[in-house]
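Take a look at the structure below.
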Amino acid sequence: MNIAVFGLGYVGTVTAACLSGLGHRVTGVDPLQPKVDALNDGRSPVLEPGVEELLAAGLAAGRIHATTDVAAAVAASELALICVGTPSRTNGDIDLRHIEAVSTQIGQALAAAEPKPYTVVIRSTVLPGTAARAVELLAAEVGERSGVTVAVNPEFLREGQGVDDFRNPPLILVGADNESAGQQVISLYDGIDAERRVVATPLAELVKYANNSWHAAKVTFANEIGVVAQALGVDGRDVMDIVCSDTKLNISPAYLRPGFAFGGSCLPKDVRAITFAAKSHDVATPLLSSLLPSNSIHTQRVIDQLIEWDRRRIGFVGLAFKPGTDDLRESPLVEVVERMIGKGFDCVIHDQDLSTSDLIGSNRAYIEREIPHLSQLLQGNVAELVADCDVLVVSKPSPELLAALAARSNTEQIVVDLAGLPADAIGDRSYWGVAW
């Protein structure tokens, strides 16, 4: 394929060199003449192992060169990859001036030439809505001309390992609202063995931010555990070695799905204990200390929404802190029920795992303290609860619940989904997902 790569910084240079290595004909574009001259001389504008060898091979084969001439690059290509910087503004917002400038320049070059199909691909790290903005800027130049499309192709390159990461990516992700454009971008990577996904454009735009935030959270978590361990006379490296050896719960997809707030007898108590220990040793742990407040905010989000709707009869399908248990200790749903009762709402509860007569020990003591009138709120028949409530708050979906939803149509009823109900279970009811 004939490709123009706009921006010869780290991402652009590595991408251009690696694509030429796959056999594509690549034109690098940058407004800085020294970068253009370096690439044309076989010198990498950035320090990255393996890039100069790829450039030398590409130059020798006539598959790569660089220019400052946007119009010439667009004329010689059928697809453009935008790899320019997206720095932070002083308020933390993303600065899109380079993306916008290049989009406009590409549009002007297309408008001045004979019409042809052309795909503009944003490879820079951008937030949802950026591709739509690029579409606007291109349309402002080329008008209603068909065949000009925009896609997103986030990169997953680590500095110092960029060439290897390009050749062995965790996945190849493309965001496109046009199927042909999506497949065209995917085909850039023919010859690379990796999972391929074509998704909606805003989803692809957000994934890189989720990735990098998760990486930052992992670094910060390990460092905070390390300094707490040090204060308690333990080697934090040994702690994290054992933590990382657990690939069932720790280094795994476990707990990494949007849902409702955490609760139970372990997580809240143990987070409190370790943050108290840190404070007792004058160790600041902002990440660990933020966990419980963030969890409370997530619970409050549901309470606020229920109050805003002001639908007085609320049915809760599930009360324990997670499915498959009758443990009510520190269940965030207990807090929601109590708060709604306190606001004058009429609440009824169905939980197939729960029977007040079976509650013993600390579990029973917790309920007698928090919801002493629990037995008066329990509804044994989930179908009757579905038929009788204005709002359904579902944290424990069951076959009986799904059957009850399917058997009764109610356009006035609202379903609050805390668990991820099947898409076809809601019918014509109003729907609100807690984090989706």
Name the residues in segment 261-292 that are open to solvent by 70 Å² or more (accessible area, probe 1.4 Å) and under 25 Å from the mean Cα position of the chain (by Cα), would you?
-> 267, 286
Out of all the residues in segment 273-314, which are free of Cβ contacts under 8 Å to residues at least 24 places away in the same chain and in contact with a Leu (Cβ under 7 Å, 6 or more places away or on another chain)?
-> 275
Only one residue in 258, 253 is closer than 30 Å to residue 421 by Cβ, free of Cβ contacts under 8 Å to residues at least 24 places away in the same chain and open to solvent by 70 Å² or more (accessible area, probe 1.4 Å). Which one?
-> 253
Taking segment 282-299 and keeping residues outside any loop (DSSP other than H, G, I, E, B) and either over 22 Å from residue 219 (Cβ atoms) or among the polar types (S, T, N, Q) (or both) leaves 289, 290, 294, 295, 296, 297, 298, 299
So residue 209, is it open to solvent by less than 70 Å² (accessible area, probe 1.4 Å) and in a helix (DSSP H, G or I) | yes
Note: among 81, 47, 54, 39, just one is touching a Lys or Arg at 6+ places or on another chain (Cβ under 8 Å) and of a type in the set (A, V, I, L, M), namely 81
Check segment 124-141 and report whether any residue there is within 21 Å of residue 22 (Cβ to Cβ) and of a type in the set (Ser, Thr, Tyr).
-> yes
Where residue 399 falls short, out of the listed (1) at pLDDT below 95; (2) farther than 23 Å from residue 353 by Cα; (3) open to solvent by 60 Å² or more (accessible area, probe 1.4 Å) | (2)
Which helices (runs of 4 or more DSSP H) does segment 329-431 wholly contain that include 3 or more residues that are under 15 Å from residue 317 (Cα atoms) and not polar (S, T, N, Q)?
-> 332-342, 382-388, 399-407
The condition of being open to solvent by 20 Å² or more (accessible area, probe 1.4 Å), among the polar types (S, T, N, Q) and modelled with pLDDT of 95 or more holds, among 178, 168, 153, only for 168
Picked from segment 295-333 (must be within 15 Å of residue 353 (Cα to Cα) and touching a Phe, Trp or Tyr at 6+ places or on another chain (Cβ under 8 Å)), the residue modelled with the highest pLDDT is 333
Within segment 296-330, of all residues that are β-branched (Val, Ile, Thr) and in contact with a helix residue (DSSP H, G or I) (Cβ under 7 Å, 6 or more places away or on another chain), the one nearest to residue 255 (Cα to Cα) is 299
Looking at (1) open to solvent by 60 Å² or more (accessible area, probe 1.4 Å); (2) among the hydrophobic types (A, V, I, L, M, F, W, C); (3) touching a strand residue (DSSP E or B) at 6+ places or on another chain (Cβ under 8 Å), which is the only condition residue 32 fails?
-> (3)
Are any residues in segment 1-29 of a type in the set (A, V, I, L, M), open to solvent by less than 40 Å² (accessible area, probe 1.4 Å) and within 21 Å of residue 75 (Cβ to Cβ), and if so, which ones?
-> 3, 4, 5, 8, 16, 19, 26, 29
Among the candidates 128, 115, single out the residue that is modelled with pLDDT under 95 and surrounded by fewer than 17 Cβ atoms within 10 Å (Cβ to Cβ).
-> 115
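The values are calculated or read from the model by the stated rules, or taken from the named source; none is laboratory data. These numbers were taken from a predicted model, which means no experiment stands behind them. Cβ coordinates were reconstructed from backbone atoms using ideal geometry, including for glycine residues, and neighbour counts include every protein chain displayed. For accessibility, only protein heavy atoms count, side chains too; no ligands or nucleic acids. Shrake-Rupley method; radii C 1.70, N 1.55, O 1.52, S 1.80 Å.
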